[in-house]
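Derivation of every value follows stated rules applied to the coordinates shown; laboratory data play no part. Quick caveat, the model's predicted, so the values are computed rather than measured. Because the Cβ atoms are built from the backbone with ideal geometry, glycine has one as well, and the counts that use them run over all protein chains shown.
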Amino acid sequence: MFVEIYGRAGCPFCVRAKALAETSKNKLNDFDFNYVNINEAGLTKDDLSKLVGKPVQTVPQVFIDKTPIGGCTDFEAYMKENFNIVA
């Protein structure tokens, strides 16, 4: 499983999503992730909207195997339900 997290510095939900990804990488053999700081990458919310396929108002935006699943709480729910992993 590959997770991509689009977030920004100073965002508490982005920090939580990244921490959950780091925890998951330590617990699951087939898990890896990439964190993209949208400010450093020069991405806007409009750019994220194009990636997600609908308007984006918040970060982080989390993708699992290139499929958008939502934000931090969606990612937390997914990992808890499917792998019993919490940050």
Practice prompt. As a check on your grasp of the helix formula, calculate [θ] at 222 nm for the chain: sum -39500 (n - 2.57) over DSSP H runs of n ≥ 4, divide by the residue count, round to the nearest 500.
Written response: -13500 deg cm²/dmol
Worksheet entry | Count, lysine Cα pairs under 17 Å in the chain, 8 or more residues apart or across chains | 8
Response to the item:
The cysteines in the chain that find no other cysteine Cβ closer than 4.7 Å to their own Cβ are C72
Discussion item. If I histogram all Cα-Cα distances within the chain using bins 5 Å wide from 0, what percent of pairs lands in each bin?
Written reply: 3, 16, 28, 27, 16, 8, 2
Worksheet, complete the sentence: By the mean-Cβ-within-10 Å protection proxy, highest first, 72-80, 21-29 rank as 72-80, 21-29
Response to the item:
Note on the chain: contact order normalised by length, alpha-carbon pairs under 8 Å, 6 or more apart, percent, works out to 38
Worksheet item: At what distance in nm do the modelled label points of A77 and K54 sit from each other, each positioned 7 Å from its Cα along Cα→Cβ?
Response: 1.2
Item to complete: Compare the peptides 59-67, 4-12 by average per-residue count of other Cβ atoms within 10 angstrom and give them in order, highest first.
Response: 59-67, 4-12
Worksheet entry | Total charge dipole magnitude, the chain, about the Cα centre, Cβ charges on Lys, Arg, Asp, Glu only, Debye to nearest 20 | 160
